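The values are calculated or read from the model by the stated rules, or taken from the named source; none is laboratory data. Predicted model, so just to flag it, every value in this text is computed and none were measured. For neighbour counting, all protein chains shown are included, and Cβ atoms are generated from backbone atoms with ideal geometry for every residue, glycine included. Please note that ligands, DNA and RNA were not included when accessible areas were found on the heavy atoms of the full protein model with its side chains. Shrake-Rupley method; radii C 1.70, N 1.55, O 1.52, S 1.80 Å.
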Amino acid sequence: MRVLLLIKRFHYGGAENHVSELANALADAGHSVWLMSMTGKQQLRLRPGVQHIAVNFSDLKIPFHLYRLIKLIKTENIEVIHAHQRLPILIGTMAARWMKIPVVATIHGSVLTDLRSEYARRNIDKAIAIRESCVSCISNFLRSQKKVVLIPNGVQLPAACVDRFVDPESFSLYYISRMDCHHTRLLTMILTEVWPRLLEKYPRSHLHVVGDGLCLPRITKIIKQSNFSSLHRSVHIEGYAREVGDHYPDADLVMGVGRVAIESLVYGVPILSIKHNHLGPIVTVRNLKRMQYANFVDLEASAPNALNLLDKLNSFLEHRFFYENEAKILQQIVSQEYNLSNVAEKIVGVYREVV
């Protein structure tokens, strides 16, 4: 098939990683793929078979973007548009209706944001929900259950079996995320109120911060200005990682949700569900289905504070053998459910249906 993928930002984030890997998977499966987005580090991850077109998407330039899209669709005989994020969904829907081809939209973030446009809601042919918690909301917005399909974001499985060495005398904690204001506030609390207290009990612990964003300099500044020498020694700012998978084999516990949680489990690493407004459990076989409902965000949990987060970390370290065994079992389950090749095949099935 001849597929056009649209996304606004293409630097770092769950949606951006998903689109770059989906584009590669589609190209590997023999489809012709065009991808329009802003320039960003994700471009470096694209296969040579994916044709990237740099576009600085802006609400003020909608007529210009629409003209470029229509011209590309005509020239390349595009069969289907697959749009991600609010503005590309709107523009993609307009171009698809003009050229009488179908448009598919994946809703990664807030449904209220991504489907803000009434025009887009009326004209989308199919919407992909990446988590079960959003299916009914998207159906209500589109006034149709038939237009919505649940397909979680897939991840690239490790090329080979990853042997992780677990040293019971040390502890490597990883925080992996885009560094926006929410994550920065949470990390500030961890660095100033949680981590120093954990080091008192477990002095051979290390905290690795993986990710990039506008707020990353604030985290670096906090560490530099700290009076605790142990903080300087034990906290490592890794920054942007082109392939985040390189870090998982070194982690004993990862903190995060969404894509980070899926990737951690695929590598057999225990994951603690944490977001700025929800502190959930460490994922186990028993709570897996409940945690998958909202893409590993515990919607029933309250916001994290220093005391309850410290309790979670201490509990992990006291029952480490149990959580390591749980992660090995979860690795088999999650690798089947989130295999990128299988996910891409399901998405191609959606393309064929709407075409």
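Values as computed for the structure displayed
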| read-out | value |
| --- | --- |
| Filter pass, LEU150 being in contact with a helix residue (DSSP H, G or I) (Cβ under 6 Å, 6 or more places away or on another chain), more than 22 Å from ILE62 (Cα to Cα) and open to solvent by 60 Å² or more (accessible area, probe 1.4 Å) | yes |
| Any pair with Cβ under 7 angstrom, 6 or more apart, that starts in region 71-95 at a residue that is touching a residue at least 12 places away in the same chain (Cβ under 8 Å) and within 14 Å of LYS8 (Cα to Cα) and ends at one that is among the acidic types (Asp, Glu) and outside any loop (DSSP other than H, G, I, E, B) | GLN85/ASP114; ARG86/ASP114; LEU87/ASP59; ILE89/ASP114 |
| Residue tally, condition at negative phi and assigned to a loop (DSSP other than H, G, I, E, B), over region 294-309 | 10 |
| Meets criteria (free of Cβ contacts under 8 Å to residues at least 12 places away in the same chain and either within 30 Å of SER136 (Cα to Cα) or part of a helix (DSSP H, G or I) (or both)) for PHE321 | yes |
| GLU326 of a type in the set (Asp, Glu), under 24 Å from the mean Cα position of the chain (by Cα) and surrounded by 18 or more Cβ atoms within 10 Å (Cβ to Cβ) | yes |
| Test: residue in region 283-293 that is polar (S, T, N, Q), part of a strand (DSSP E or B) and in contact with a strand residue (DSSP E or B) (Cβ under 8 Å, 6 or more places away or on another chain) | no |
| Pair list, Cβ under 9 Å, 6 or more apart: region 33-47 residue within 17 Å of ALA83 (Cα to Cα) and assigned to a strand (DSSP E or B), other residue of a type in the set (Phe, Trp, Tyr) and open to solvent by less than 60 Å² (accessible area, probe 1.4 Å) | LEU35/PHE10; MET36/PHE57; SER37/PHE10; SER37/PHE57 |
| Unique residue being of a type in the set (A, V, I, L, M) and loosely packed, with under 15 Cβ neighbours inside 10 Å when the list is LEU87, LEU112, LEU69, LEU157 | LEU112 |
| Complete set of residues in region 10-30 that are buried (at least 19 other Cβ atoms within 10 Å of the Cβ) and assigned to a loop (DSSP other than H, G, I, E, B) | PHE10, TYR12, GLY13 |
| Within region 48-66, tally of residues that are surrounded by 13 or more Cβ atoms within 10 Å (Cβ to Cβ) and part of a loop (DSSP other than H, G, I, E, B) | 3 |
| Any hit, region 173-180, residues being hydrophobic (A, V, I, L, M, F, W, C), in contact with a helix residue (DSSP H, G or I) (Cβ under 6 Å, 6 or more places away or on another chain) and either open to solvent by less than 80 Å² (accessible area, probe 1.4 Å) or in contact (Cβ under 8 Å) with a residue 60 or more places away in the chain (or both) | yes |
| Close pairs from region 113-140: first of a type in the set (Phe, Trp, Tyr), partner in a helix (DSSP H, G or I), Cβ under 9 Å, at least 6 apart | TYR119/LEU90; TYR119/THR93; TYR119/MET94; TYR119/ARG97 |
| Failed item in (1) over 28 Å from HIS319 (Cβ atoms); (2) at pLDDT 85 or above; (3) touching a His at 6+ places or on another chain (Cβ under 7 Å), with HIS208 passing the rest | (1) |
| Subset of region 81-107 [part of a loop (DSSP other than H, G, I, E, B) and of a type in the set (Lys, Arg)] | LYS100 |
| Qualifying residue in region 264-279 (condition: open to solvent by 10 Å² or more (accessible area, probe 1.4 Å) and over 23 Å from ARG185 (Cβ atoms)) | yes |
| Unmet requirement for LEU207, which otherwise passes all of (1) touching a Gly at 6+ places or on another chain (Cβ under 8 Å); (2) without any contact (Cβ under 8 Å) to a residue 60 or more places away in the chain | (1) |
| Hits in region 305-321 - residues which are farther than 17 Å from LEU253 by Cα and open to solvent by less than 20 Å² (accessible area, probe 1.4 Å) | ALA306 |
